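The values are calculated or read from the model by the stated rules, or taken from the named source; none is laboratory data. For clarity, every value in this text was computed on a predicted model and none was experimentally measured. Heads up, the Cβs are rebuilt from the backbone with ideal geometry, glycines too, and the neighbour counts pull from every protein chain shown. The protein model used for the area step is the full one, side chains on, heavy atoms only, and it has no ligands, DNA or RNA in it. Shrake-Rupley method; radii C 1.70, N 1.55, O 1.52, S 1.80 Å.
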Amino acid sequence: MLSRFMSGSIRNLEREYSCTVRLLDDTEYTCTIQRDAKGQYLFDLICHHLNLMEKDYFGIRYVDPDKQRHWLEFTKSISKQMKSQPPFTMCLRVKFYPPEPASLKEEITRYLVFLQIKRDLYHGRLLCKTSDAAMLAAHILQAEIGDYDPGKHPEGYSSKFQFFPKHSEKLERRIADLHKTELIGQTPETSERNFLQKAQMLETYGVDPHPCKDVSGNPAFLAFTPFGFVVLQGNKRVHFLKWNEVTKLKFEGKTFHVYANQKEYEKIILMYFAPTPEACKHLWKCGVENQAFYKLDKSSQVRTVSSSNLFFKGSRFRFSGRVAKEVMEQSAKIKREPPEIHRAGLVPSRSCPSITHGPRLSSVPRTRRRAVHISIIEGLESLRDSAHSTPAHSVSHGESFMPRSRSQATDSSEGAAVISDEAYSPSDSVLPTPVAEHSMELAVSRQINGAPCSIEEEKESEAGTPMRGEGGEFGDTQEGAGGDSALSEVEQVNKFVLSVLRLLLVTIGLLFVLLLLLIILTESDLDIAFLRDIRQTPEFEQFHYEYFCPLRRWFACKLRWVGGLLINK
């Protein structure tokens, strides 16, 4: 009896596994779920834990053993999507940024989006001018510590916060001045709403950067925002395509294609190269989901999208959620008492340090760090002037979701829109796809965009995988320019040979089908109206008596000759 009970318990344990989800405030939610549970079940558990109803903006992200990020698909089994063994570690993140986050119905939703944008700001994904950065940081201060109090907040108190990948003393003084003078009396909820209103006006709002290269080999970051498809190079937005202009997204191997119609007769095709085929597929799936979410009026309009063509086996994917307009309509119907919010402003955070952490740690003194920062910025300026940038006309956002002031601001812009005082180079550790090489630009961005602690913290909090040594972080994948070009040439040759072989197989298959049809027409006695009509045509009769019959006699003669040789031997 005891052995039967023990064996039953073991079988139940084998059918269950533990799953840990790191939330936006860096707390963790751990649960035990069935092995065949789908992603929707886990997502519903988290939303119930958070008392979240406007949940369509969020998703669960995980990282596979190859450091490639993925969004958990809610319609599929969790265990079949994960390439690692349980227990699993994932992260709750904003997947679809609200077009107007400050207008969200519930405060709990606004607070979670606030935490996501605060994280984007800290890790260099959200870039802005220095004046905008100071106001955003001041709103964070007001939301987390309240009004300025000389007794509690000594001189230089703002330096104990880490708002951005890097700080300067001038910026810290400006943040403190704004906090002391302009934000007095604001509640955390008001400060968070004002923060969201400011953030949604920025060009990099909602950007989750995908590192790629253009046709000239220049680094670029591709992203999908609530308003359209964006390409960032240096400190400029070199391409912007509204969602209603994008007609098709396609990928083949590492190559990503964007097809668009920008005017009445102007067609555009953009082509970029991802680091790996897996990164390119992830980029394509993100684009398909974002286009469906923001562009369509109803989820019933969603169609399965395929990246295949005649000679390449492609992927099929379908967005399975509700679209933005449906989410907004459903949010307007929410009628309940606002849930209690447990803000984590004073809770130690791995990725967004708060004032309880004490002064920032640095490997060099402040004066030396500022000198290094100035030299790096000067080097970036010289590189920026000489670097190639894909020419593009910066179009206005003009979307139905876009705030009017933002649309007017972008309408007046000409050429490539400058988005920041510095180049857009988020830390390589926080990119959604692994980068195959460690060029000088990435080395510079590592110094600019994050202290070593921020890189380790984001890897720990996002990936949930052990760190590699500093010296060997990119050593296993780094190759010289000659090796990269030789590898790309070999890949192009292999791709061409594969396409030729597929074309040959398709041709042989078609000929085989035609041969079978010819044999059926000439040799069978099937009395079908379709075949009978073909046999009675003059052309077929001429072909049958002048070509097919002599060819059949010739084959029969040869077969008899070969058979005779075999018998004589």
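Worth a mention:
- Criterion violated by residue 268 - all others in (1) outside any strand (DSSP E or B); (2) free of Cβ contacts under 8 Å to residues at least 60 places away in the same chain satisfied: (1)
- Residue check for residue 86: part of a loop (DSSP other than H, G, I, E, B) and in contact with a Phe, Trp or Tyr (Cβ under 7 Å, 6 or more places away or on another chain): yes
- Long-range neighbours under 9 Å by Cβ, at least six apart or interchain, first residue under 14 Å from residue 316 (Cα atoms) within segment 240-257, second at pLDDT below 90 and open to solvent by less than 20 Å² (accessible area, probe 1.4 Å): 249/307; 250/307; 251/307; 252/307
- Qualifying residue in segment 288-307 (condition: among the hydroxyl-bearing types (Ser, Thr, Tyr), under 30 Å from residue 216 (Cα atoms) and either modelled with pLDDT under 90 or touching a helix residue (DSSP H, G or I) at 6+ places or on another chain (Cβ under 7 Å) (or both)): yes
- Test: residue in segment 130-144 that is assigned to a loop (DSSP other than H, G, I, E, B), touching a helix residue (DSSP H, G or I) at 6+ places or on another chain (Cβ under 9 Å) and surrounded by fewer than 23 Cβ atoms within 10 Å (Cβ to Cβ): no
- Test: residue 75 is in contact with a Ser or Thr (Cβ under 7 Å, 6 or more places away or on another chain) and among the hydroxyl-bearing types (Ser, Thr, Tyr): yes
- Filter pass, residue 197 being polar (S, T, N, Q) and assigned to a loop (DSSP other than H, G, I, E, B): no
- Residues of segment 78-106 satisfying the condition of being open to solvent by 10 Å² or more (accessible area, probe 1.4 Å), touching a strand residue (DSSP E or B) at 6+ places or on another chain (Cβ under 6 Å) and more than 29 Å from residue 202 (Cα to Cα): 82, 86, 87, 89
- Any hit, segment 190-203, residues being open to solvent by 10 Å² or more (accessible area, probe 1.4 Å), farther than 30 Å from residue 291 by Cα and at pLDDT 90 or above: yes
- Among the residues of segment 158-174, just one is closer than 13 Å to residue 141 by Cα, open to solvent by 20 Å² or more (accessible area, probe 1.4 Å) and among the small types (Gly, Ala, Ser), namely 159.
- Matching residues, segment 175-189, being touching a helix residue (DSSP H, G or I) at 6+ places or on another chain (Cβ under 8 Å) and open to solvent by less than 70 Å² (accessible area, probe 1.4 Å): 175, 176, 178, 179, 183, 186, 188, 189
- Strands (runs of 3 or more DSSP E) lying entirely in segment 211-264 (those with 2 or more residues that are among the hydroxyl-bearing types (Ser, Thr, Tyr) and open to solvent by 10 Å² or more (accessible area, probe 1.4 Å)): 255-261
- Strands (runs of 3 or more DSSP E) wholly inside segment 1-72 that include at least 1 residues being at pLDDT below 95, among the polar types (S, T, N, Q) and open to solvent by 70 Å² or more (accessible area, probe 1.4 Å): 28-34
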